[in-house]
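The values are calculated or read from the model by the stated rules, or taken from the named source; none is laboratory data. This one's a predicted model, so the numbers in the text were calculated from it and none came from an experiment. All Cβ positions, even for glycine, are placed from backbone atoms using ideal geometry, and neighbour counts span all protein chains on display.
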Amino acid sequence: MCLAIPTQIIAIEATSPFPQATVVLEGVERRISLALTPEAQVGDYVLVHTGYAISRVDAVEAQETLAMLAEMTAYQ
Amino acid sequence: MKFIDEFRDPALARRLVGQIRQMTASRAAPVRLMEFCGGHTHAAYRFGLRELLDGAVELISGPGCPVCVTAAADLDRAIALAEWPDVILATFGDMVRVPGSRVQTLQAARARGADVRVVYSPLDALTLARQHPARPVVMLGVGFETTAPGIAAALVQAETERITNFSALSLHKLTPPAMRAILGAGDVPLDGIIGPGHVSAVIGSDAWGFLPREYGIACAVAGFEPLDLLGAIAGLVRATVEGVPVVDNLYMRGVRSEGNPTALALLNRVFEVGTAKWRGLGALPDSGLRLRAEWAHRNAARLFPVTREPAREPPGCRCGDIVRGRSAPMDCPLFRRVCTPENPIGPCMVSNEGACAAVFQYAVDF
Ligand code: SF4
């Protein structure tokens, strides 16, 4: 139930009380709420859970994690 | 797919497995790690990580399946609520097939005429409320800190839009108290905890600081791809071997140390912390979220005071022991013989995150 999928925001609409975004989830365009991530921008990837973006996906951190994992295994 | 495929690189996965095996080579017994989250249980089976690490690391399923830890008494309450005249009960799909007491389910209630609707999002439940202004629409709030902020946001939105027929039955639970209850009982020896990724996106990786501090046990917050899990496991194995328990965050791309302040503020605006009943763990103080007094007009527990007979757990089902890591699905005499995904006896077989469903679906050697 805590499943959340990284997906890219393709449009944002400034609705009340919370902004909404359009994303493509498994090939289907969906409207999600940005109530929990109002700072998200068009082009950002967000983790979507039950129709809400719960977190922004940070591309720099993703690269750093991959680099760290590679480094961990470098000296075997 | 972005942020998925990169974390499935087979070459790096093999190297991580090699490193984990090397670190554990001199140990007499496997390193025992609990994956809190049912999503991790399924990912570990799906990607074959258990076999890859066999003998080096033992993975023990934890209580991180909201459907599985919902007490039979609360399910009975949801079923009774669905049968309240005119009520539309909106629920996430997993809940409709979970047996309460006396082998009742929401699905059975629907067959008897109750209006039970499966929704993907609390926003869909709000839409139902707009479409049926004369009928009470109740969102069944089941889930951890990941799910509860969305329910809170839907309630705030109903308030702003003056949708008066929308309410929620909050059965939401908090994850750190469950972890404390399991460690406090002390009957399941553990070397480390794989922390729940999406719960931590909301509460922050710092929320797990009490594990090393109070229990001397390491925690690694992980995402749900193979490299996420293997990286977390490698970190926990190293912490165990070196004897230095810390909180590691292997899911930095989605989880900040302080969590999501907007989501936490919404939670705090709508809910307050109270006692909750857990299957297997009993009533735990400060482990659940209930609606604050200011939200009484949207609190289904108050609006629909249903009466129920005392709850009964499904006879023979071991879910209660499974969610606390004391038993594995194979230990249940009903597993696969009587209890299957088509004919589930307990919630651990129904839910997509349940340990019994994971073993049934993926394990070949039971
Ligand atoms: S196999 Fe079925 S009856 Fe046994 S513990 Fe799992 S859900 Fe319960």
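Observations on the model:
- Matching entry among B:GLY346, B:GLY354 (being within 11 Å of the ligand (Cβ to nearest atom), over 14 Å from the mean Cα position of the chain (by Cα) and either crowded, with 24+ Cβ neighbours inside 10 Å or within 14 Å of chain A (Cβ to nearest Cβ) (or both)): B:GLY346
- Where a residue in segment B:4-19 is without any contact (Cβ under 8 Å) to a residue 24 or more places away in the chain and basic (Lys, Arg) and its partner, wherever it lies, is surrounded by 15 or more Cβ atoms within 10 Å (Cβ to Cβ) and part of a helix (DSSP H, G or I), with Cβ under 9 Å and at least six apart: B:ARG14/B:LEU52; B:ARG15/A:LEU69; B:ARG15/A:ALA70; B:ARG15/A:MET72
- Matching entry among B:PRO85, B:PRO133, B:PRO99 (being away from chain A (no Cβ under 11 Å) and in contact with a Pro (Cβ under 9 Å, 6 or more places away or on another chain)): B:PRO99
- The criterion of at least 1 residues that are closer than 30 Å to B:PRO310 by Cα, charged (D, E, K, R) and in contact with an Asp or Glu (Cβ under 8 Å, 6 or more places away or on another chain) is met, among helices (runs of 4 or more DSSP H) falling completely within segment B:24-108, by B:72-82.
- Filter pass, B:GLY223 being at the interface with another protein chain (Cβ under 10 Å from one of its Cβ atoms) and more than 22 Å from the chain's Cα centre (by Cα): no
- Only one of B:LEU12, B:LEU52, B:LEU33, B:LEU59 that is surrounded by fewer than 21 Cβ atoms within 10 Å (Cβ to Cβ) and more than 9 Å from chain A (Cβ to nearest Cβ): B:LEU52
- Within segment B:109-128, restricting attention to residues that are away from chain A (no Cβ under 14 Å) and either part of a loop (DSSP other than H, G, I, E, B) or in contact (Cβ under 8 Å) with a residue 40 or more places away in the chain (or both), the residue that is farthest from A:GLN20 (Cα to Cα) is B:ARG112.
- Selection over segment A:41-64 of residues that are more than 7 Å from chain B (Cβ to nearest Cβ) and within 24 Å of B:THR127 (Cα to Cα) gives a count of 3.
- Residue in segment B:299-310 that is of a type in the set (Gly, Ala, Ser), closer than 27 Å to B:LEU169 by Cβ and more than 11 Å from the ligand (Cβ to nearest atom) present: yes
- Within segment A:1-39, the set of residues being more than 23 Å from B:PHE224 (Cα to Cα), more than 7 Å from every other protein chain (Cβ to nearest Cβ) and not small (Gly, Ala, Ser) comprises A:ILE10, A:ILE12, A:GLU13, A:THR15, A:PRO19, A:GLN20, A:THR22, A:GLU29, A:ARG31, A:GLU39.
- Checking each residue in segment B:77-104 for being farther than 18 Å from B:MET139 by Cβ and touching a residue at least 12 places away in the same chain (Cβ under 8 Å) picks out B:ARG97, B:PRO99, B:GLY100, B:SER101, B:ARG102, B:VAL103, B:GLN104.
- B:VAL67 being away from chain A (no Cβ under 14 Å) and β-branched (Val, Ile, Thr): no
- Those strands (runs of 3 or more DSSP E) lying entirely in segment A:17-66 with at least 3 residues at pLDDT below 95: A:28-33
Listed here are the residues, each with its yes/no results for (1) more than 13 Å from the ligand (Cβ to nearest atom); (2) touching a Cys at 6+ places or on another chain (Cβ under 8 Å); (3) more than 22 Å from B:ALA43 (Cα to Cα).
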| site | (1), (2), (3) |
| --- | --- |
| B:LEU284 | yes, no, yes |
| B:PRO315 | no, no, yes |
| B:PRO329 | no, yes, no |
| B:THR340 | no, no, no |
| B:VAL350 | no, no, no |
| B:ALA358 | no, no, no |
| B:ALA363 | no, no, no |
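- Beta carbons closer than 7 Å, at least 6 apart along the sequence or on distinct chains, pair a first residue in segment B:316-335 that is in contact (Cβ under 8 Å) with a residue 12 or more places away in the chain with a second that is surrounded by fewer than 18 Cβ atoms within 10 Å (Cβ to Cβ) and not in a loop (DSSP other than H, G, I, E, B) for B:ARG318/B:ASP331.
- Boolean, B:ARG279 is basic (Lys, Arg), assigned by TED's automatic domain parsing to the domain that holds B:THR105 and within 12 Å of the ligand (Cβ to nearest atom): yes
- Any hit, segment B:256-264, residues being part of a helix (DSSP H, G or I), in contact with a strand residue (DSSP E or B) (Cβ under 9 Å, 6 or more places away or on another chain) and within 9 Å of another protein chain (Cβ to nearest Cβ): yes
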